[in-house]
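Remarks on the structure that follows.
The values are calculated or read from the model by the stated rules, or taken from the named source; none is laboratory data. Small disclaimer: the values here were computed from a predicted structure and weren't measured. Quick reminder, even Gly has a Cβ in these numbers, built from the backbone with ideal geometry, and neighbours come from all protein chains shown.
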């Protein structure tokens, strides 16, 4: 299968990840921010948030977790509604629950807690899948949420968060795969840290966005 984008050890494939993944070579780490299981509807101020409107019916149905099974080292963002399922999968071997904590969350509680935490589940075969030292091994990451809706993708993660995850779960020269690469932040982080990377994206407009980001020389955005 011919890549949509290919340069300097980074490739992007356009298509459904369940169809594309079996055609690709073995990778050292699967790192992805997949579609969440979310309730993007309801009443009150929260229902009017631009973020929820942009994902309603598009990125709120979750994903088929069977794609993770061939990988001995995977790190996946997930919503609270997916956490039990993800931890059940991860606990078949060594695992850790990490959190991204936002000091500037959307100021809404709606009879609940602030939306200031996102979960990242890391499942790994053994200690050979862990890298970095004392500072990078923390179970929580503190990083402000960024206003990057201008990119045209509703769920862009901060580059600093992805740099942290890439550095702790992969080594220099290893290959990372992101089957839901979206705007390409995982690939940008991999490129900056000297990793090879493969992204898969089903939407051509997002694949084009990721390709444009990778083609730029300055990576000062999330």
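Details
- Selected residue [in a loop (DSSP other than H, G, I, E, B) and either at pLDDT below 90 or farther than 23 Å from residue 90 by Cα (or both)] from 3, 34: 3
- Residue check for residue 87: farther than 15 Å from residue 165 by Cβ and at pLDDT 95 or above: yes
- Residues in the range 169-203 that are more than 18 Å from residue 12 (Cα to Cα), in contact (Cβ under 8 Å) with a residue 60 or more places away in the chain and surrounded by fewer than 20 Cβ atoms within 10 Å (Cβ to Cβ): 171 only.
- Which listed residue, of 134, 119, is over 27 Å from residue 24 (Cα atoms) and touching a strand residue (DSSP E or B) at 6+ places or on another chain (Cβ under 6 Å): 119
- Criterion (touching a residue at least 60 places away in the same chain (Cβ under 8 Å) and in a loop (DSSP other than H, G, I, E, B)) met by exactly one of 156, 166: 156
- Residues (closer than 13 Å to residue 66 by Cα and either touching a strand residue (DSSP E or B) at 6+ places or on another chain (Cβ under 7 Å) or crowded, with 20+ Cβ neighbours inside 10 Å (or both)) located in the range 77-88: 86
- Hits in the range 105-130 (condition: closer than 18 Å to residue 162 by Cβ, touching a helix residue (DSSP H, G or I) at 6+ places or on another chain (Cβ under 6 Å) and not in a strand (DSSP E or B)): none
- Restricting the range 92-104 to residues that are in a loop (DSSP other than H, G, I, E, B) and touching a strand residue (DSSP E or B) at 6+ places or on another chain (Cβ under 8 Å), the residue that is farthest from residue 65 (Cα to Cα): 103
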